[in-house]
1. Taking only protein heavy atoms into account and a 1.4 Å probe, give the accessible area per residue of the chain in Å².
2. Please compute the length gained on full extension between Lys255 and Thr87, using 0.36 nm multiplied by the number of residues separating them and subtracting their Cα-Cα distance.
3. Lysines within cross-link reach of Lys275: Cα-Cα under 26 Å, excluding same-chain residues under 8 positions apart?
4. Extension gain Cys57-Glu201, at 0.36 nm per residue separation less the Cα-Cα distance, in nm?
5. Using only alpha carbons, build the gyration tensor for the chain and give me the equivalent ellipsoid semi-axes, biggest first, whole Å.
6. Hey, what D do you get for region 180-225 in µm²/s if you plug the Kirkwood alpha-carbon radius into Stokes-Einstein at 10 °C and 1.306 mPa s?
7. What whole number of Å gives the distance from the Cα centroid of region 257-278 to the Cα centroid of region 196-248?
8. Give, to the nearest whole percent, the P(r) tail of region 31-143 beyond 16 angstrom, counting all Cα pairs.
Amino acid sequence: MLVSAEKMLRDAKAGKYAVGQFNINNLEWTKAVLLTAEALRSPVILGVSEGAGKYMCGFKTVADMTKAMMEYLGVTVPVALHLDHGTYDGAYAAMDAGFSSVMFDGSHYAIDENIEKTRQIIADAHARGISVEAEVGAIGGEEDGVIGGGEVADPDECKRIADLGVDMLAAGIGNIHGKYPENWAGLRFDVLDAIQQKTGEMPLVLHGGTGIPADMIRQAISLGVSKINVNTECQLSFAAATREYVEAGRDLQGKGFDPRKLLAPGVEAIKATVKEKMELFGSVNRA
Ligand code: 13P
């Protein structure tokens, strides 16, 4: 059964650890993340962007696949199926399809419009037991073809959104989607601290988890971050392992061309990346 992310993140914030959100965009990745979470007894959030939802034949297919897979694999740890960077219409489509959590990314709207739309989504989502993530200050980098500039959120705007009763808040603190550039200035812990002071118990979300050094991750968790999103790092480890397999000519040996064999090293690489992150985030044995 899928659960809302609300309780998982309240527990994480109180316990000073973070739950990983790992984006999925196919069957193999979903299985790899679920099996790792179950083996480590870690709660987990499966992230699905609207683009990935379309790629996987719609949100309904994703929700049905995830539920069937959890049952088949005997997954008992808490799992939330979460819309990542949803539009307003996308948030409703994901809720209708059976997602247990949605993000409404209203960071591109003026703050008053962001607040109004977030308010409506919270009312409708909470009536159905679905958790809601809101965003203030776009995250830098490129996500689904949209390029942001490493934005930093205004703590007062964060408080206005937090006061709406949102379950988790993504606030830009200099984080970037994708690989970090050589000259990246690092996370703005002064801003994170100010946001946490204004928003109190609200679980905070760190997007762009790929490539953030371990000491910065630990500091972010100590300042109230209780959900960390990782996408690119899983893609990179999957691609590197697949490349190694093909370059070693293993697809040419026996039935090495069978997709189950060809994709296996990539799947194992994703499992290793997810395990490493769960250990760093401190979510192991918290299920
Ligand atoms: P990365 O791709 O940088 O890991 O970011 C993931 C993310 O924040 C998804 O919302």
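The values are calculated or read from the model by the stated rules, or taken from the named source; none is laboratory data. In this text, all values refer to a predicted model and were calculated from it rather than measured experimentally. A quick note on method: Cβ atoms are made from the backbone with ideal geometry, for glycine too, and the neighbour counts reach across all protein chains shown. Side chains included, ligands, DNA and RNA excluded: accessible areas come from the protein's heavy atoms. Shrake-Rupley method; radii C 1.70, N 1.55, O 1.52, S 1.80 Å.
1. Using a 1.4 Å probe on heavy atoms only, each residue of the chain averages 43 Å².
2. So the chain would gain 56.1 nm between Lys255 and Thr87.
3. Lys7, Lys13, Lys16, Lys31, Lys67, Lys179, Lys227, Lys261
4. Value of the extension gain: 48.1 nm.
5. 30, 21, 18
6. The diffusion coefficient I find is 141 µm²/s.
7. Taking the Cα centre of region 257-278 as reference, the centre of region 196-248 is 18 Å away.
8. Roughly 60 percent, rounded to a whole number.
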